[in-house]
1. Remind me, relative contact order of the stretch 342-499 in percent, using alpha carbon pairs under 8 angstrom and six or more residues apart?
2. Considering all projection directions equally, how large on average is the shadow of the alpha-carbon convex hull of the stretch 135-202, in square nanometres?
3. Classify the stretch 594-643 as rounded, prolate or oblate, taking a ≥ b ≥ c as the square roots of the eigenvalues of its Cα gyration tensor: rounded when a/c is under 1.5, otherwise prolate if a/b is larger than b/c and oblate if not.
4. Where q = 0.09, 0.10 Å⁻¹, what log10 of I(q)/I(0) comes from the Debye formula for the chain, counting one point per Cα?
5. Rank-order 162-168, 493-499 by packing density, defined as the average count of other C-beta atoms within 10 Å over each peptide's residues, highest first.
6. Given the DSSP H assignment, sum -39500 (n - 2.57) over each helix run of at least 4 residues in the chain and divide by its residue total; what's the result at 222 nm in deg cm²/dmol, nearest 500?
7. Along each principal axis of its Cα atoms, how long is the stretch 193-321 end to end? Whole angstroms, biggest number first, please.
8. Based on the alpha-carbon gyration tensor of the stretch 178-259 and its eigenvalue square roots a ≥ b ≥ c, which shape applies: rounded if a/c is under 1.5, prolate if not and a/b is larger than b/c, or oblate?
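The numbers here are math on the coordinates, done by the rules we state, and not lab data. Note that the coordinates shown come from a computational prediction; the quantities given were computed from them, not determined experimentally. All Cβ positions, even for glycine, are placed from backbone atoms using ideal geometry, and neighbour counts span all protein chains on display.
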Ligand code: MSP
């Protein structure tokens, strides 16, 4: 997708008010927020819309069940969505409600226009209606002649007078649109599904109901007061009524939308009905409709009855909003389904965020403080580290298309490459060695390189993690704005000299799940219980002393890179190693491995280090860690990561 349009309109679906928000809703909104923030940062005039979908039989019934008036009920639930997004600092420009007066006027205007254009006629509808999906289904699509093919719930037979939209007349035009715009539906695999569906033939769509009245009335000139609009016609129109369609047209120059985000379950409405309605109204079609996958909980669909719904606020409060945002966007390829587990979230925080990103900032703070009175100066970076800069800029240049092709997980993956370049540069050039050798300018340049990489990464990470990146930019004395997006992230400029102050660690390590209440119920069935008990007894007989997972996590195990290795004079057994475990300086480790490994064997290899052992002295040398190794009658071998890992990566 090109960056040529000057305006960017980003939308989320509008959420039904029959339930409160869960992580599925938060996911859609967070992706849209990320795109909107990126658009603004890149200098586009941006309009970001979200809101609530409040009409229809489903909402009417939900209110009735609670003994509340439908409007009061809709007000209450709509406010919970708005409050949540405010709490999450979602940068929406408008929060629309389908009960807003202007919206309803716009929908009526659309109905009149479609009618005038000859696309609406009156007939009798006879068929099956699923209230839960607010959708009509022809009998051939039903499961066992009764049940909804989408949600499995029982459908109701409806026979009533109805207005119809001539959807069948748009079959060829829709197919032409899909054909001429290969990225109109993302991911592309989803576009193929839609094409197959349309090629199967489209039936005209019933767009009014007479059996209930919680909806938008037909325009007065239709003179047919017993009809209300079909909820999907009403709801889809929000994307243009929010811009003033049918009232003052105030923001209609934002149309067509740059990206309309939806979940895969509502693709048909957005990829077939919506463009057909727009064609009938003579409005341009959106640039991209992007359908994401479904979040499950420990492999199961979330539902209140199963008690496994993940509350996004609880997760964000416990783990940090930005960490939660990063996790959701990084964990799952866009379009694929994702499974929420605290373990996966903790791994991402400790590893990608703590170890790769946070630790890098700690290293700059450490280096600057120790060697340069806190000063960071990038002026000599190009003289010593041009190759590293080139690698970083090559990665940054790949980013923008990935974001707007909805490859957000790949965007983040690519954004992590500069961090690897930075971590590797520290291991390779070793500021502590440069300082020992008196190469102060080179060490300062290395420090400047790392700070510049952090700055560039935080500009591009800002749309995903706004709060954390603002903290980084404050520490590094620059601001995240369009000017620095142009200079630092798109361009090759570095940071102006500054003095760095210490800040609190951004990602304190999380040792164990922080939310016990959202852990799934014990899933062991009654029949299984005795078997499990029995196994435990057997193990106890075999004399195994069990420890809990919390005890295991008391040991801090980390990947280390041996950056220096030498023999300990006069010792047959000991090697003296300097091991980089992702801290300001390497740890000194005295290891009893000389019988099996020479100093050369160990140099530049990776090892597993117990990093929180009390320092000990061996032959007068302080050892600040222990290496994992396995020894049998054939000798000793080191335990190493199977593939190279960044120094300091936690093991567990
Ligand atoms: N009101 C309609 C949308 C009308 S848009 C003109 C609707 N509302 S919804 O509240 O049911 O769903 C809103 C969005 O949340 C959809 O994009 C849906 O895919 C998403 N999610 C709801 N549950 C979800 C998961 N478990 N996982 C991921 N997203 C899911 O549909």
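1. 32 percent
2. Result: 5.9 nm².
3. In terms of gyration-tensor shape, prolate.
4. Log10 I(q)/I(0), no solvent term: -0.86, -0.99.
5. Those peptides, ordered most packed to least, come out 162-168, 493-499.
6. Computed ellipticity for the chain at 222 nm equals -11500 deg cm²/dmol.
7. 53, 37, 37
8. Since a/c reaches 1.5 but b/c is at least a/b, the shape of the stretch 178-259 is classed as oblate.
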